[in-house]
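As structure tokens, the structure follows; a few thoughts come after it.
The values are calculated or read from the model by the stated rules, or taken from the named source; none is laboratory data. It should be emphasised that the depicted structure is a prediction, and the values quoted were computed from it without experimental measurement. Positions of Cβ are generated from backbone atoms using ideal geometry, with glycine treated the same way; all protein chains shown enter the neighbour counts. Ligands, DNA and RNA are stripped out before the accessible areas are found, and what is left, the full protein with its side chains, is counted by its heavy atoms. Shrake-Rupley method; radii C 1.70, N 1.55, O 1.52, S 1.80 Å.
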Amino acid sequence: MYLELRHALVDLDRLRVYRAGEPPDTLSATEVRLLRYLAERPRAVVPVDELLREVWEYSPRVVSRTVTTTLARLRAKVERVAKQPDHLLTITGEGVELRLARPPRPHPGPLVGRQRALDGLAGGRCVTVTGPVGVGRTRLVEERFLGDWAEGRASVWVDATGLATRAALSHAVARALGLADDTTLEAALRARGA
């Protein structure tokens, strides 16, 4: 499973955090368990005592700061500014919430026999993939997306399925770039320097 954040891609299966222009960071097994548990409950505020029981398997009577220290370590790896988190939020008196840019995605299996098609996607700043249903376009784009992050290049994935108007596409691209919904496609691209 991987998690898309505004400034990082977290690969829970490979225990890696990818940030544009930086070498990958490694996650501990505990950090992965915590992220996976929170990702299975998107936008839910999970009480600290529940995390201690379910992630650390502590007794319900245990009082510990291990969640706080693990969150601090994890924020340093996944947040743009650890002390001003966008994704791993502590809600005072309630618990911890994980806010993702989009729902968690299962990690794809190996891409077999498609290297030539994948090579055809390399090098472009903006890639549009079209074609008939069921030929594996989404899987190719997903492989390119993960490869870009692994090589230190931030990528943005916009699934245009079902988007019928230019305005709908513009809003989807702006959201993927972390901009306001009413931002036009042109303004979003200018903000990225494209």
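Summary of values
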| quantity | calculated |
| --- | --- |
| Identity of the residue in the range 84-94, in a loop (DSSP other than H, G, I, E, B) and in contact (Cβ under 8 Å) with a residue 40 or more places away in the chain, that ends up least open to solvent (accessible area, probe 1.4 Å) | 87 |
| Condition met for residue 63 (more than 24 Å from residue 108 (Cα to Cα) and surrounded by 19 or more Cβ atoms within 10 Å (Cβ to Cβ)) | no |
| Flag for residue 19 being open to solvent by 80 Å² or more (accessible area, probe 1.4 Å) and at pLDDT below 90 | no |
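Rundown of residues vs (1) over 21 Å from residue 21 (Cβ atoms); (2) among the basic types (Lys, Arg); (3) exposed (fewer than 15 other Cβ atoms within 10 Å of the Cβ), yes/no style:
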site: 53; (1), (2), (3): yes, yes, yes
site: 56; (1), (2), (3): yes, no, no
site: 68; (1), (2), (3): yes, no, yes
site: 75; (1), (2), (3): no, yes, no
site: 82; (1), (2), (3): no, no, no
